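As structure tokens, the structure follows; a few thoughts come after it.
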Amino acid sequence: MGGCARDSVAETSPDRGATVGLTFQLDLNREVYEDSAWGDPPQIALWLRNEMNGSIRTVAVTHRTAACDWEGKVECSVALPYWVGFYNREMGTQGPPMWNQPAADAITCATPRAALTTRVDVPYGSRWEYFVEVNVSGDFSACFPRLSADGRPDRYGNGQPSLVYRGRIEATEGRTSRPELIGRTDQYRPSQNLIEETGGITNAGQLIDSFIVSCQRNQGFSKVQK
């Protein structure tokens with residue numbers, strides 16, 4: 001995926017206090033997760049960081065991670081650890097959401113099998129970094145095996161760890177942006193440190209077919225998953 005891009009920009013003079021909608025459109029390559037050990041669709045988190053004041057805003061996170069709902073699966077604290085660090089800063093908490101203290105319903109989404117489209121309103125002209133973290137459990141490879149060469153087991157069944165993408169956009173009508181891969185997390189533990197070296201990542205890097213963020217007029221749009 002390429003770096004940030006800015007397409008056409010509408011020349012408008014919005015009223016003071018106006019907002020625009022940032023629309024996030026993410027398409028998945030189903031073959032990547034269907035070929036994993038369990039064939040489950042990925043866990044995904046999408047969030048914003050305001051470039052002016054550093055405030056964090058989670059836009060969407062898949063249900064299993066948001067509610068700590070791992071029924072029928074190994075509890076996977078390594079699924080989206082990078083997002084967890086930002087979420088803790090946003091909410092003033094420690095650790096991932098738990099079953100008795102889940103993330104808010106407003107940001108919780110069904111696990112997408114093909115695509116995720118969601119929109120959030122932000123002040124007109126504001127500047128944002130946006131992030132997406134994706135993880136397919138059981139996506140083992142030669143570099144991220146079930147059992148390492150020194151005998152270390154992957155007790156969470158993680159395989160290739162979560163990948164993190166980042167982009168930037170100004171909330172002005174007509175702007176568009178695409179993110180780029182900035183790193184990965186750790187296979188074995190829920191570390192919130194980003195590892196920039198992504199050597200050994202294979203099909204996990206092909207999970208996202210396309211991802212574009214655009215600024216559009218507010219027209220009563222609501223979050224949609226499919």
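The values are calculated or read from the model by the stated rules, or taken from the named source; none is laboratory data. Just so it is clear, the structure is predicted and the values come from calculations on it, not from any experiment. Cβ sites come from the backbone with ideal geometry, for glycine too, and all protein chains shown count toward neighbours.
Please go through the range 41-56 and give me each residue that is buried (at least 18 other Cβ atoms within 10 Å of the Cβ) and in a loop (DSSP other than H, G, I, E, B), ordered by number.
Correct list: Pro41, Pro42.
Taking the condition at pLDDT 95 or above, among the small types (Gly, Ala, Ser) and outside any strand (DSSP E or B), does Gly2 pass? Let's see the steps before the verdict.
Values: at pLDDT 95 or above: no; among the small types (Gly, Ala, Ser): yes; outside any strand (DSSP E or B): yes.
So Gly2 fails the test.
Within the group Val84, Val59, Val32, which residue is part of a strand (DSSP E or B) and either within 29 Å of Asp154 (Cα to Cα) or touching a strand residue (DSSP E or B) at 6+ places or on another chain (Cβ under 8 Å) (or both)?
On the way: Val84 fails: part of a strand (DSSP E or B); Val32 fails: part of a strand (DSSP E or B).
Among Val84, Val59, Val32, only Val59 is part of a strand (DSSP E or B) and either within 29 Å of Asp154 (Cα to Cα) or touching a strand residue (DSSP E or B) at 6+ places or on another chain (Cβ under 8 Å) (or both).
Identify, please: which residue in the range 100-121 is of a type outside the set (Asp, Glu), part of a strand (DSSP E or B) and touching a residue at least 24 places away in the same chain (Cβ under 8 Å) and is, among those, surrounded by the most Cβ atoms within 10 Å (Cβ to Cβ)?
First, pick out the residues of the range 100-121 that are of a type outside the set (Asp, Glu): 100-104, 106-120.
Going one step further and asking which of them are part of a strand (DSSP E or B), we end up with 101, 108-109, 115-120.
Imposing the further condition that a residue be touching a residue at least 24 places away in the same chain (Cβ under 8 Å) reduces the set to 108-109, 115-120.
Details: Thr108: 20, Cys109: 21, Ala115: 14, Leu116: 25, Thr117: 16, Thr118: 20, Arg119: 19, Val120: 22.
Restricting to residues being of a type outside the set (Asp, Glu), part of a strand (DSSP E or B) and touching a residue at least 24 places away in the same chain (Cβ under 8 Å), the top hit is Leu116.
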